[in-house]
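Input: a single structure, listed below in structure tokens.
The values are calculated or read from the model by the stated rules, or taken from the named source; none is laboratory data. Computed from a predicted model, the values in this text were never measured in an experiment. Here the Cβ positions follow ideal geometry from the backbone for every residue, glycine too, while neighbour counts run over all protein chains shown.
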Amino acid sequence: MSLTTAERSEPKYIYKPEPALVHHLKSLHDHVHKTCAPHFHKLVKVETMDGDVFEGHIVHCDKGILYLRLSTEGNERAFFPAPLPYPSPYSSFVLPLVLFNLLAISLL
């Protein structure tokens with residue numbers, strides 16, 4: 001069963017941004033990416049528009065997403081007499097954050 005020409009008409013958009021807004025968002029995306037690139041693997045604090053705060057190391061920034069390896073420094077909770085001789089499997093959790101939702105990124 002194939003669709004007729006009338007059924008293949010232009011979709012009815014629920015939301016479609018103005019071209020000027022799309023251009024502005026792309027330039028903002030490029031700006032944040034260029035700003036984060038020199039700080040890869042550095043410890044940062046990231047605040048989101050929703051008020052969430054994360055601390056970690058910038059691992060990667062691509063396609064509008066900032067990848068943050070969460071910091072576990074000072075968060076070890078165990079009954080061992082000393083730290084483990086090997087890295088914790090939980091110390092490599094990477095959190096993807098959408099760049100447009102970020103309010104501030106600060107070096108620690």
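Of all residues in the stretch 58-72, which are under 8 Å from the mean Cα position of the chain (by Cα) and at positive phi? Across the stretch 58-72, the qualifying residue is only 64. Of all residue pairs spaced 6 or more apart or on separate chains, those with beta-carbon atoms under 9 Å, a first member in the stretch 3-17 that is in a loop (DSSP other than H, G, I, E, B) and a second member that is at pLDDT 70 or above and not charged (D, E, K, R) are 17/25. Considering only residues in the stretch 25-71 that are among the small types (Gly, Ala, Ser) and farther than 14 Å from residue 98 by Cβ, the one that is surrounded by the most Cβ atoms within 10 Å (Cβ to Cβ) turns out to be 56.
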